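Here's the structure, in structure tokens; my notes come after.
Since every read-out is calculated from the coordinates, none of them should be taken as a lab result. As the structure is a prediction and not an experimental result, all values here were calculated from the model. Reconstructed Cβ throughout: ideal geometry from the backbone, glycine too, with neighbour counts over all protein chains shown.
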Amino acid sequence: MANWDPAFPDEHVSWYNEYIQRQGPPAINWLETPRLKQGSMEHFIEVRGMALFSPNNGDDGIGSLMAVSPLDDGSVCLWDVNGTRGKRGGIIATSKPDILFIDGRGDQNTRRSKKIDTGVTECVSVNNSNNRAVFAVQSHLIEVDLSRLEVIQEGVPMTVGTSLGIHLQDFRAPSQFHGDVVERLDIPGEEDNPFK
């Protein structure tokens, strides 16, 4: 006889909830799409990664839960996930454009070197205790105060731990020379042949 019941012997299974989750109609709540208005035209702005943010570690008095994300125009956007500060899934605040670009504001922000990397899926990390987030933009980390939506520090060094070791990424450090540079050490002294 085949064992069609995947439950463990001591596990209690609610077959009603199981049926509803498999056969019931899906209920999906979407977040409001960020838009850019230019004159009479309106364009969608792409979201690049997302993280959940609970102000003051969830101890803000009203139980706020927000989503934070960098946008393609270099701004930061906050959504109200559970509807405590406005419409559920609605945009609460958006920063000024270009705050995440290292070169600052300007007309050349469409250049590939200034845009948020499209290959990175999660480029934001949130610290709930001090209401800050760190965004990875190209080879830099930018720290933003989420209560003011302003850049605090540009280019923060980052430490990455892997199974092979700990690596320090600091954009301020000079780049390493490649093999095409020849290093030579001249020691002052006699010109005698050391192999005599």
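Figures for the structure shown
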| item | result |
| --- | --- |
| FRET efficiency, Leu168 to Leu52 (Cβ-Cβ, R0 22 Å, nearest 0.05) | 0.20 |
| Relative packing of peptides 28-36, 75-83, 14-22 - highest average C-beta neighbours within 10 Å first | 75-83, 28-36, 14-22 |
| Label-to-label distance, nm, for residues given as Ile20 and Asp60 (7 Å Cα→Cβ offset) | 2.9 |
| Fewest-first ranking of Met41, Met158, Met66, Met50, using other Cβ atoms within 10 Å as the exposure measure | Met41, Met158, Met50, Met66 |
| Förster radius 22 Å - calculated FRET efficiency between Lys37 and Met158 (Cβ-Cβ, nearest 0.05) | 0.05 |
